[in-house]
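Engineer: Right, I'll just put the structure down here and ask away after.
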Amino acid sequence: MPDLLRIDARYDPRMPVPSAASPAALPALPLDADGILALAARSMFHLFSRMSQGMFLADRSGRIVWVNEGYRRFLPALGFSSIDQFLGHMVEDVIPNTQMRRVLETGEPILIDLLTNKAGTFVVSRIPLHAERTGGDASQLGEVIGAIGIVLFDHPETTLQPLISKFAMLQRDLDDARRELASQRARSQLQGTGDGQRRAKYSFASFIGASPAAVDIKRHARRAAQSSSPVLLLGETGTGKELLAHAIHTASARAAGPFVSVNIAAVPDTLLEAEFFGFAPGAFTGADRKGREGKFKLADGGTLFLDEIGDMPMGLQAKLLRALQEGEIEPLGSNKLLPFDARVIAATSRDLAALVREGRFREDLYYRLNVLPLRVPPLRERRADIPALIEVLGEDMAQRSGEAPPELVPDALALLAAQHWRGNIRELRNVLEQLAMRSDATRIDAQEVKRVLAETGLETIAAPEPGEGATVRDGAGSADLLRPLAAQVAELERRAIDAAMAATGGNKLATARLLGISRATLYDRMAG
């Protein structure tokens, strides 16, 4: 079989000429492999030299020995005023973040790469240069004697926009997949391995916020997790009391045990006793013949979370008190006492002390539960956490709906942060869901937020703090910037101190820590 892939095949005059022109009128092509490769190398070099944005040559030691005309325009941005200052330096000393040294050491090319330094972002290629072999196998490359660096494109964000957009889309899909895998892994770790046991769903990392109020409640809750005493979570509805209960259980020595929750307000009074303590077979008409264990027994070895404890009927409070004191329960319709070992966490949005004074909550039960009271701050006391909460809530909404999370402009974020939020995080999530459903735009501005807030029945829409979320667009507001810089810095410092004092309730030590300054510096700034 003839070798059709031989590159050194000779010219056959009987072969047809694919041109009307005479062969003698055209430049002669080399007919040997070495000549063809040499011609291709020269042609490729000249092509790159003309089409690329710049080229340079480094010798085997990494010293730059040649720069073409196109590359010279990047020198000022790299800190060199002339070509003589640039030549002769080691490549990594004058081109930050370059990978040229790796090419020189390994002899392997880097055909396409992104390089970012103080001159900009570039699509580059790095090709090693090998010495010619004078004898032996000519197909084998000689030793590396240098390398050539080629800037294929500058400003890739515009010249390669279609490719970058596709890459960004793939990157977003990959990030979404990673988040989903991480979420599934976290849920698997918190909920167990499918053994049917009830597990906690959240940890302290799930309580979003770095404001002083958020940090303080998490610090106290972590301390409570190390104890086995009852915990009483106090706070308005929607502040995250149940999430904290899960987190306390997860961080406690009972984390491997079950986490059982019961919302007292959601269970009819007539069923509460059976729900808590269980019932014996045939205890009442319609009862299961096998009987059923109550929540106390299900929580044995773990944590029992009693949500809305303030709504518990007085008749059941005495039985709950006895169970907590004695560590044993008596199922409905049974004469047997069953021991249990469960740590109790209770929560309420009502004022238990006031209910005790009114005679609507047993005082002895109140003292039994109020061993480690934790007040969960409302959202209006941790406004600095609202942007982070919006991001997390938006991601959760996106995972559930399969659509991209809403993107809020700074003015819209500032407007949301200024609201009173009587329903706290639950109300904030409701507003975000309405914004995502009602808005056709990918970016949501302050006007859209105002419209949705008004439609939710909010009577008064609070205005953002002066300067909060403000941006300078198209020269607007530039007159306000044409003032002495010292006056603008002083004004910014005053606003930062005022915001920190409000966030810490006037605690100067906490304010100084929040701002990252000493207390003496804080007093000095406040006096000035």
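Engineer: Given the whole protein assembly as supplied and a 1.4 Å probe, what does the accessible area of residue 51 come to in Å², nearest 10?
Structural biologist: Residue 51 has an accessible surface of roughly 130 Å² with all protein chains in place.
Engineer: Applying a 10 Å radius around every beta-carbon, put 141-150, 261-270 in order of their mean neighbour count, most first.
Structural biologist: 141-150, 261-270
Engineer: May I pose another question? Any of 166/450; 118/508; 218/508; 201/319; 166/218 with alpha carbons more than 32 Å apart? Name them for me.
Structural biologist: In this structure, 166/450; 118/508; 166/218 lie more than 32 Å apart at Cα.
Engineer: Could you order peptides 241-248, 328-335, 113-120, 428-435 by the average number of other Cβ atoms within 10 Å of their residues, highest first?
Structural biologist: Ranking, from highest mean packing down: 241-248, 428-435, 328-335, 113-120.
Engineer: Near residue 324, within a Cβ-to-Cβ distance under 11 Å, what is the net charge of the other residues, with Lys and Arg +1 and Asp and Glu -1?
Structural biologist: Residues near residue 324 contribute +1 overall.
The values are calculated or read from the model by the stated rules, or taken from the named source; none is laboratory data. Remember, predicted model here, so these are calculated numbers, not experimental data. Every residue, glycine as well, gets a Cβ built from its backbone with ideal geometry; the counts of neighbours run over all protein chains shown. For the accessible areas, the whole protein counts, side chains as well, though only heavy atoms, and no ligand, DNA or RNA atoms are used. Shrake-Rupley method; radii C 1.70, N 1.55, O 1.52, S 1.80 Å.
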